[in-house]
1. Any chance you could get the radius of gyration and Dmax over the Cα atoms of the stretch 245-381, in Å?
2. Under 1.5 on a/c is rounded, so check that first for the chain, then, if it is not, pick prolate when a/b is larger than b/c and oblate when it is not; a ≥ b ≥ c are the square roots of the alpha carbon gyration tensor eigenvalues.
3. Would you mind calculating the relative contact order of the stretch 173-308 from Cα pairs under 8 angstrom and at least 6 residues apart, reporting the percent as a whole number?
4. So how far apart, in nm, are the two label points at Lys249 and Met119 if each is 7 Å from Cα heading toward Cβ?
5. Determine, for Glu376, Glu323, Glu68, the number of other Cβ atoms within 10 Å of each Cβ, and report the residues in order from fewest to most.
6. Where the centre of each part is set by its Cα atoms, how far does the stretch 169-231 sit from the stretch 90-159, in angstrom?
7. Looking at the calculated P(r) for the stretch 144-222, what percent of the C-alpha pair distances fall above 18 Å?
8. Normalised by the residues of the chain, what does the relative contact order come to in percent, with Cα pairs under 8 Å and at least six apart?
Amino acid sequence: VSVLYWRWRSPMQCHTLVIGGGIVGLAVAARLSRHGATVLVERHGTLLHETSGRNSGVVHAGIYYPDETLKTALCLAGATRIWDLHREGRVTAHHCGKWIVATDDAEVPALDAIHRRMMSRGIPSREVPLAEVATTEPLLRAVKVIESPRTGIVDAASLAAAYTADLEANDGLVALQTQVLGAEHLAGGTVRVHLDDGDSKTHIDAAAVVNCAGLSAHRVAALLQHDTVLQRVPPLHLWGGRYASCVGKAPVRRLVYPVPLPSLQGLGSHATIDLGGAVRFGPDAFYIGRASASADGPATVDPEECSYDIAATPGGESGFLDEMHEGVRRFLPSLPRERLVAGYMGIRPKLSGPTDGFKDFAIEREGNVVHCFGIESPGLTSSAGIADHVASLLF
């Protein structure tokens, strides 16, 4: 991603300061740059450094989450924008489609419920005849299949480049390796945010601030002196998601998802493809710990100290691959275990712990600051929808 790397030379002012250089922060900065001078700060030396750069790149169709939730509404809006950008030639994406599969009769009622939800939302769908399944995906085991032709994949870097280009076209700036140290709330609603770029400390006065810090969103809210906001939203829980790559000939030609877990902590060990047709499986979902204080006690993990090494996760690399293979065998029973190799791992900033049910995105305004908490899947798909929603809260 090409960005304008700008070192602070003196204290300055801007209309909007966006904190966080993931895909949502970039989308928000691009959208808000239409209203005035916008600066995005990212503490790492690259964009998409954390959650945004460690996901499956799936463009979701808005199927799984409850009605009247931000996850559903913003996913639908964001997906439309991604496909518009694809048609304009500005992002690299592929309408590969997705098959949601019931592997036995016990899963059919849940699959039927998903199909009814798709139809009620106007999401294109069809039941795939089993004869067609046998012909086009001969290795797949399923008793019923529902197709989502609107689901696809996108290259996250190309999407980030499109958002960055829109930001820079409006004279916006991106400052990498820039940490937020704290903030003051001045008369008239101005927020003075103190920053450190590694060489010097300075501040920037902003009419509006948007916290898109992902894994660090709760910490940034505290630095912005918004403890009252933190009292309104659930604590941050970190969940790991590991991927396994499939070596050799691709066993499927499209996205294949089993019926999801009832808790929606994950969508099961599904098969995804990349833009080159290679297949990977995952992510799984394992709990890491609570990353912000709550009524239940202090934080138990620090996002900055979490490892992305699969070998250091529960079960190690071998145990992970055994578990992933067991899940994949539900719908690809003939796939040998030796064709799976450890891929990469991401960490999700969820608002739900192991015993909690579904939690929606939490996008909260306090004064001239908007905080985006719990932006996990379908965050990449929802990015443009989130940006429009943030704009509606501020302007």
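We did not get these values from a lab; they are worked out from the coordinates using the rules stated. Just so we're clear, the structure is a prediction, and the values are computed from it rather than from any experiment. Using ideal geometry, Cβ is built from the backbone for each residue, glycine included, and neighbour counts are taken over all protein chains shown.
1. Using the Cα atoms of the stretch 245-381, the pair Rg, Dmax is 17.2, 57 Å.
2. On the way: a/c = 1.90, a/b = 1.71, b/c = 1.11.
Prolate is the answer for the chain, as a/c is 1.5 or above and a/b outweighs b/c.
3. Working: 215 pairs, mean separation 24.2, N = 136.
The normalised contact order for the stretch 173-308 reaches 18 percent.
4. Distance between the two pseudo-spin positions: 3.7 nm.
5. Details: Glu376 22, Glu323 17, Glu68 8.
Least crowded to most crowded, the residues run Glu68, Glu323, Glu376.
6. Between the Cα centres of the stretch 169-231 and the stretch 90-159 lies a distance of 41 Å.
7. Numbers: 1902 of 3081 pairs.
Of the Cα pairs, 62 percent sit more than 18 Å apart.
8. Details: 878 pairs, mean separation 96.6, N = 395.
With pairs under 8 Å counted, the relative contact order is 24 percent.
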